[in-house]
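Data block below; observations after.
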Amino acid sequence: MPAASSEPDTSRRNEATAAREAGTVAAPGVRPKDLVGGLAPAALIGISTYGLTRVMNVPVADPLVLAMLAGVFVRTVLGHRMAWKKGFAAAPALCIPVGIAFYAVKNLNFIEFAAIPKSSVMLAALIVLVYFAVILALGRLLGQKQEITYLTATGSAICGASAIAITSPAVKADCDDISVSILAVTVAAVVALFTVLPFVAVTFGLTDHAYGLLSGSVLQMTGFVKAAVHNEPFLNRQLSDEALASLALSVKAARYLGLLIAIPVFASLVRKRLYLPWVLWVFLAAGVLGSWVYATREDFYTATLIPAVKPMYGLSWSIAMAAVGLNVDVRKLASNQGTKALIAAFAGCAAAVATFFAGWMILGYR
């Protein structure tokens, strides 16, 4: 009898191990009822949050962050009284891959990348490398959990919560890892947007051109870049509002390419061997497909495909982040891991700003 009873346990452990090795959320033994029950409240929170941010139309209101915080709030209020916990754990594994494909179709456009000035690409690449170097070094120095370090580095260097969502399956991150990383990156981004960047811009007398470059190369989230260039401090104006936004967002877009390096590198470091996760292939294939459509049918791409694709990844990731929040242990957000993540995120941002000014002077931007 003992041997017979241990077989299902061994099978479940093997299933969980295989799922984590593949970079998916392991949820062995999840019944359809539990899965549907877990998806339903996550979908309600995610869809409501996404719809609210669209109505508000405030660039800094990131639907992924708000959906996760709403999930954390519901989890905190209801505590262990919630049913369908296994469904909450499995929901991100279903929703994140969908978002990855749609996100790449819109944002991994190799043809548009080729049109970005080389000097802007070089500056963005340098700042991405500095973000990675500083946060990885601090993570090791502070004894941070490696999954949180990798997600914090990727979210800071590339595209905030979106980059964390894409990278999380590759590094086998759990819901606590994702939530701690998103919160740390978001807090650092808010401080940078409303305090650090305006202060240094006025102190160093930046033109709007230089401020657009600074925002696009340093700020963590695309919405924050849009907010920065639409609410810039009193600067010497050289560009129209449209040209300034285009400049900043083109530099920000160049940073997306960092995911093609971060995903396989961090996936391999977690597994201690060379590993190319499925996330990378989905992301790359969808980007190539989107670029091909852009090259062959630009009008269709711009007028039809992108307006349809953007809500798809926004909604799917909002649902996934709501599920993450519903599954998270709120104590982890205020734990030593949360504090270490905040230190790393702020240090990485400070180093990125310093690197921008070094590159700005070397490359002769004015």
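What to note about this one:
- Checked against (1) in a helix (DSSP H, G or I); (2) of a type outside the set (Val, Ile, Thr); (3) more than 25 Å from PRO169 (Cβ to Cβ), GLN238 passes all but condition (1).
- Just one of (1) surrounded by 21 or more Cβ atoms within 10 Å (Cβ to Cβ); (2) of a type outside the set (A, V, I, L, M); (3) closer than 19 Å to GLY160 by Cα; (4) under 19 Å from the mean Cα position of the chain (by Cα) fails for PRO277. It is (3).
- If only residues of the range 170-193 that are of a type outside the set (A, V, I, L, M) and assigned to a helix (DSSP H, G or I) are counted, the one that is nearest to LYS272 (Cα to Cα) is ASP177.
- Counting only helices (runs of 4 or more DSSP H) that sit completely within the range 278-366, those holding 2 or more residues that are of a type outside the set (Val, Ile, Thr) and at pLDDT 90 or above correspond to 278-296, 306-327, 336-363.
- The set of residues in the range 36-49 being surrounded by fewer than 22 Cβ atoms within 10 Å (Cβ to Cβ) and touching a helix residue (DSSP H, G or I) at 6+ places or on another chain (Cβ under 6 Å) consists of GLY37, LEU39, ALA43.
- Note on the range 18-59: residues that are modelled with pLDDT under 85, within 18 Å of ALA320 (Cβ to Cβ) and part of a helix (DSSP H, G or I) total 11.
- In this entry, SER268 passes the filter for residues that are in a helix (DSSP H, G or I), surrounded by 15 or more Cβ atoms within 10 Å (Cβ to Cβ) and without any contact (Cβ under 8 Å) to a residue 40 or more places away in the chain.
- Flag for ALA253 being under 22 Å from the mean Cα position of the chain (by Cα) and farther than 21 Å from LYS118 by Cβ: no
- Just one of (1) under 19 Å from ALA153 (Cβ atoms); (2) hydroxyl-bearing (Ser, Thr, Tyr); (3) surrounded by 24 or more Cβ atoms within 10 Å (Cβ to Cβ) fails for SER318. It is (1).
- Test result for ALA157, crowded, with 18+ Cβ neighbours inside 10 Å, out of contact with any Leu (no Cβ under 7 Å at 6 or more places or on another chain) and farther than 30 Å from ASN336 by Cβ: no
- Residue count for the range 103-135, restricted to those that are under 30 Å from ARG297 (Cβ atoms) and part of a helix (DSSP H, G or I): 14
- GLY212 being free of Cβ contacts under 8 Å to residues at least 40 places away in the same chain and not in a loop (DSSP other than H, G, I, E, B): yes
- Test: residue in the range 234-247 that is under 17 Å from the mean Cα position of the chain (by Cα) and free of Cβ contacts under 8 Å to residues at least 40 places away in the same chain: no
The values are calculated or read from the model by the stated rules, or taken from the named source; none is laboratory data. Source: prediction; values computed, not measured. Reconstructed Cβ throughout: ideal geometry from the backbone, glycine too, with neighbour counts over all protein chains shown.
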